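Asker: The structure follows.
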Amino acid sequence: MDRGRGRAERRAASRRAVIVLNPAGGHGRAGRQRPELEWLLKAASARQPSEDRLEWEIVQTTAPGAASGIAARCAAEGADIVAAAGGDGTLNEVLNGLIGSRATLALLPLGTGNDFSRTVGLYGSLKCAVDTLFTGTPRPIDVGRIAERYFLNVAGCGFDAVVAERANTGPRWLTGAPAYIYAVLQTLTRFRAAEFRLTIDGIERTQRAMMCSIANAQTYGGGMRIAPTARLDDGLFDLCILAEAGTLEFVQAFPRVFQGTHTTHPKITMLQARHVRIESTPTLPLLIDGEVIGTTPAEFTLLPSAIEFLFPSPLETR
């Protein structure tokens, strides 16, 4: 069956959405907001036209990493939409369970940074995200791959990975940008630049640097616009390379990343590529969608239009 026609035929009948809820997301925020989420889902269901029903259910994860298996099972059982209810890490797990399936990926942002939600117009309103399940528009978007792991938002290595690890294990009362700023200030006192050996679409580049971010979307770290012109459908990564910098110089320039104006700083290099290999001396931690998953060396490949994502309608984003 033609994939596009198959989706249209399924949507003509009653559709099914599964919400994969990670109760630990956002230092437990996702679990605490389950009653509100259920109320919003019931209210949106009541507003549906009878000829286009969306049936929904919530499946709660019980262990770290379980969301991938749940998402894969739901897709195999015929779910039209599988939504990640949690943070960017939960979204990454659900993505990895859905790659290669017909299911559309959706997001209910209930995490710490909620960075991908900023790029797709879902940040700051759980109601908007819930309404999108019922009235949103599916569109194909690019996906990044490292080994057998897929990612949607931003990957990288070096300083930003160390910061993410500290932010994820930091004080529970800190979330979003404050959590990352706190982690940045902690990391600055000890982190040192490394020797990077980069192969970018076959062209080699060597330099001492603090970090290299490989962005599919625009923000990470609770709103830092690391790649302000990145697009989810252009078939390219946006790279941000921060050359070796002193502590004072870094502290003075750091606030610019929240407005995306850091890209003109002399210590910043912005590039675009489809394939990137990173080696470093010493080895550096790797960051994938807010989670630290390994160390260099690593290869990153961009997969164009690899999954459908459910975007809000223009009315929902007003």
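We did not get these values from a lab; they are worked out from the coordinates using the rules stated. Fair warning: this is a prediction, and the values are worked out from it, not measured in the lab. Cβ sites come from the backbone with ideal geometry, for glycine too, and all protein chains shown count toward neighbours.
Asker: Test of understanding: in a Gaussian network model of the chain with alpha carbons linked when under 10 Å, which of P178, P304, P282 would top the mean-square fluctuation ranking?
Answerer: Among P178, P304, P282, the largest mean-square fluctuation in the Gaussian network model of the chain belongs to P282.
Asker: Mind checking the full-extension length gain between K42 and T295? Use 0.36 nm per residue of separation minus the Cα-Cα distance, one decimal, nm.
Answerer: Between K42 and T295, full extension yields an extra 86.7 nm.
Asker: To continue, here is another question. Can you list the residues, at least 5 places off or on another chain, whose amide H is less than 5 Å from the amide H of G113, using H built in the peptide plane?
Answerer: Result for G113 returns D88, G176.
Asker: Can I ask one more? Run the Debye formula on the Cα coordinates of region 154-304, all scatterers equal and no solvent, and tell me log10 I(q)/I(0) at q = 0.08, 0.11, 0.18, 0.21 1/Å.
Answerer: Each listed q maps to, in turn, -0.19, -0.37, -1.07, -1.51.
Asker: Using just the C-alpha positions of region 20-81 as equal point scatterers, what log10 of I(q)/I(0) does the Debye formula give at each q in 0.13, 0.23 1/Å?
Answerer: -0.43, -1.04
Asker: Connecting C-alpha atoms closer than 10 Å in a GNM of the chain, tell me which of V143, V120, V154 has the biggest fluctuation.
Answerer: Looking only at V143, V120, V154, the biggest GNM fluctuation is shown by V120.
Asker: Can you give the alpha-carbon Rg of region 3-135 over 2.2 N^0.38 Å, where N counts its residues?
Answerer: That ratio works out to 0.99.
Asker: Starting from one equal scatterer on each C-alpha and no solvent at all, send me the Debye-based log10 I(q)/I(0) for the chain at q = 0.14 Å⁻¹, two decimals.
Answerer: Results for the chain at q = 0.14 Å⁻¹ read -1.04.
Asker: Counting other C-beta atoms within 10 Å, and keeping those with at most 16, which DSSP coil trypsin sites (Lys or Arg not before Pro) do you find in region 52-121?
Answerer: Sites meeting the loop and neighbour criteria: R53, R102.
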